[in-house]
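Reviewing the structure listed below.
The values are calculated or read from the model by the stated rules, or taken from the named source; none is laboratory data. The structure presented is a predicted model; accordingly, all values stated were derived computationally and were not measured. Cβ sites come from the backbone with ideal geometry, for glycine too, and all protein chains shown count toward neighbours. Just so you know, the surface numbers come from the protein's heavy atoms only, side chains and all, with ligands and any DNA or RNA stripped out. Shrake-Rupley method; radii C 1.70, N 1.55, O 1.52, S 1.80 Å.
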Amino acid sequence: MIRYLRSLPRLLNIFFAFIFTTGLCDAQTTITEWQYGKHGALSITYDDASRNQFTRALPVMERLKLPATFFVITGPITGSQYHGMFVGRPVGEIIKESATVSTDSANFLERCSAAGYLGYEGTISYHTRAGGLYSSGKKRQAYHLMDSLYARVRHGDFKQGYEPCPEYKEAIGSSWDDFRKDAAEGYEIASHSITHATMPGLDEANIRYELEKSKEEIRNQLGEKYTFSTEVPYGYEDDRVMQIAYTIYPALRNRMPEPFLKEIDRASRIVPHPTDKDYVQWQRGPLHATPLSLMESWVDTTCANKDMWLVLVFHGIDSLGWEWTPIPKLEEYFNYIVARESQLWIATFGDVTKYMRERERAKVDVSSGDGSISVSFQCPLDTGMYDLPVTMKTYVSGSWKSVTVTQGSSRQKVNVQEDDKGVYVLYQMKPNSSNAILQP
């Protein structure tokens, strides 16, 4: 009897180790489709940085604790170093040459790039229209429009000076101090170029100036973190422009050629399903007359399909900006979204992009023993940029009632949940860090 009592603690340890490890050797662990195991993802984005976005829409989002991404035109922001300019030979030479040489495929991009910087007001609209025609395949019309512009310049039809596009003028009034405060509150400030140029009408040197210097401005003002995302103005998906932009920014709202992603732009009538992709990025752009019921249906569709990422694209707010949305309608819509927050992961454009890429590239290893589970999460992406925690789902023994998850100095206590496959826990895990240890 005495010998038995002395061995009892060791026997109990063996017994409990057996209970805790039973069923853990095959402890299945996956990264959930969306952060926190939500049913869908939603990103609120704004283009152009018109003043009312910050004076009227931002207070609504702050009150409702909604994150958002602002694609800002950097040139008009108070304190900016880089402003609009033409990168190329003197415009006087181009104007003079246009008198004897018609616009064609050999010189169109140079002339269209220079159009807004000829020294006269009113010429930027020719650049905008010609770039749009060129992008849509109407090249002869684009050439003719450039010939018309340069003929009028030579004739002296314009008043001397410089006049930017309307989107640029509507963004005047914000400062980098303002954006630093917004960034500190969790809002993503991202690039929308320096001047809102029509980039299919620019040559490579001027495309790079608009995108690279906008990126440099943001880096200098806000830090490297905010140089992740961009939106090429007007939503163009021109192949030549996209290939250049891909070399400058990790994420483009215009288009991201990810093998796991089905993209539907905001003008498309393609339905999200069926699809053979892991994810669907569904962009919708509420216009001034878009019914609220239609806008709400986009949210409902996202909640009903676990692979959906709804990207909302807003422009003008309260009578300022293109296709402006009135604040009462915006507020009602945002309240509709917040009411479904239990189903939706509402996050910035950059964070959702990072999450999907980390999940798709992840290598997860699991081992168990001594009454615990060890999970390793490695990702080959740049750790300086891809540092977003992902949500792990690990199935545990049915005898575990709650779980402590330790990763380095971080510790989480999570309750178990149950589905048709068994008992599991959800927990946050950083990539390329120490293993997460799960214990009952």
How large are Rg and Dmax for region 395-437 when only the alpha carbon atoms are used, in Å? 11.2, 33
Structure shown: which of Lys38/Lys430; Lys277/Lys363; Lys181/Lys225; Lys65/Lys262; Lys329/Lys354 lie over 21 Å apart, alpha-carbon to alpha-carbon? Lys65/Lys262; Lys329/Lys354
Linear extension gain, Thr406 paired with Ser433, 0.36 nm per residue minus alpha-carbon span: 8.6 nm
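Roughly how compact is region 266-305, stated as its Cα Rg over 2.2 N^0.38 Å to two decimals? Intermediate results must be reported in sequence, preceding the final value.
On the way: Rg = 11.1 Å, N = 40, 2.2 N^0.38 = 8.9 Å.
Against the empirical 2.2 N^0.38 Å value, I get 1.24 for region 266-305.
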With every protein chain left in place and a probe of 1.4 Å, what is the accessible surface of Asp318, to the nearest 10 Å²? 30 Å²
In Hz, Karplus ³J(HN,Hα) per residue of region 370-381 (6.51, -1.76, 1.60; θ = phi - 60°; x = Gly, Pro): 6, x, 9, 10, 10, 10, 10, 10, 10, 9, x, 6
Spin-label point model (7 Å from Cα, Cβ direction): what's the Asn415 to Tyr36 distance in nm? 1.5 nm
Starting from the residue with the highest accessible area, list Ser368, Ser268 in decreasing order, probe 1.4 Å. Ser368, Ser268
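Using a probe of 1.4 angstrom, how much of the accessible area of the chain is carbon and sulfur, in percent? The partial results should precede the final answer.
Working: 10190 of 19890 Å².
Roughly 51 percent, rounded to a whole number.
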In cubic angstrom per residue, the convex hull of region 160-310 built on its Cα atoms measures 166 Å³
Give the angle, between 0 and 90 degrees and rounded to the nearest 10, that separates the Cα long axis of helix 139-155 from the longest principal axis of the Cα atoms of the chain. 50 degrees
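If I take every Cα pair under 8 Å that is 6 or more residues apart in region 229-349, average their sequence separation and divide by the length, what percent do I get for the relative contact order? If you can, show how the numbers build up before the last one.
Details: 138 pairs, mean separation 21.8, N = 121.
Result for region 229-349 is 18 percent.
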Quick one: length gained pulling Arg219 to Glu360 fully straight, 0.36 nm per residue minus the C-alpha distance? 48.0 nm
Looking only at Asn206, Asn107, Asn254, which one moves most when the chain is put into a Gaussian network model with springs between Cα atoms under 10 Å? Asn107
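From the protein chains alone at 1.4 Å, what is the descending order of accessible area for Arg340, Arg357, largest first? Working shown, then result.
On the way: Arg340 60, Arg357 30 Å².
Largest to smallest exposure gives the sequence Arg340, Arg357.
What is the chain's relative contact order, in percent, from Cα pairs under 8 angstrom and six or more apart in sequence? Kindly include the intermediate steps, with their values, before the conclusion.
On the way: 846 pairs, mean separation 102.7, N = 440.
Here the relative contact order equals 23 percent.
Given a Förster radius of 41 Å and the C-beta distance between Phe260 and Lys139 as r, what FRET efficiency does 1/(1 + (r/R0)^6) yield to the nearest 0.05?
Details: r = 35 Å, r/R0 = 0.85.
It comes out at approximately 0.70.
What does the accessible area per residue of the chain come to in Å², with a 1.4 Å probe and no ligands, DNA or RNA counted? Please report the intermediate quantities before stating the final value.
On the way: 19890 Å² over 440 residues.
About 45 Å² of surface per residue is accessible.
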Magnitude of the Cβ-charge dipole of the chain, K/R +1 and D/E -1, about the Cα centre, nearest 20 debye? 1040 debye
Helix 2-21: inclination vs the chain longest Cα principal axis, degrees, rounded to 10, gives 30 degrees
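For the chain, what does the convex hull of the Cα positions come to per residue, in cubic angstrom?
Numbers: hull volume 70.4 nm³, N = 440.
Cα convex hull per residue, to the nearest whole number: 160 Å³.
Would you mind classifying region 184-262 by shape? Square roots of the alpha carbon gyration tensor eigenvalues, ordered a ≥ b ≥ c; an a/c under 1.5 is rounded, otherwise it is prolate if a/b is larger than b/c and oblate if not.
oblate
So how do Val423, Val366, Val403 rank on accessible area, 1.4 Å probe, biggest first, that is with the largest at the start?
On the way: Val423 25, Val366 60, Val403 0 Å².
Result, largest first: Val366, Val423, Val403.
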Once the Cα atoms of helix 327-338 and of the chain are each reduced to a long axis, what angle between those two axes, in degrees from 0 to 90 to the nearest 10, is obtained? 30 degrees
Value of relative contact order over region 368-440, rounded to a whole percent, pairs C-alpha under 8 Å and six or more apart: 45 percent
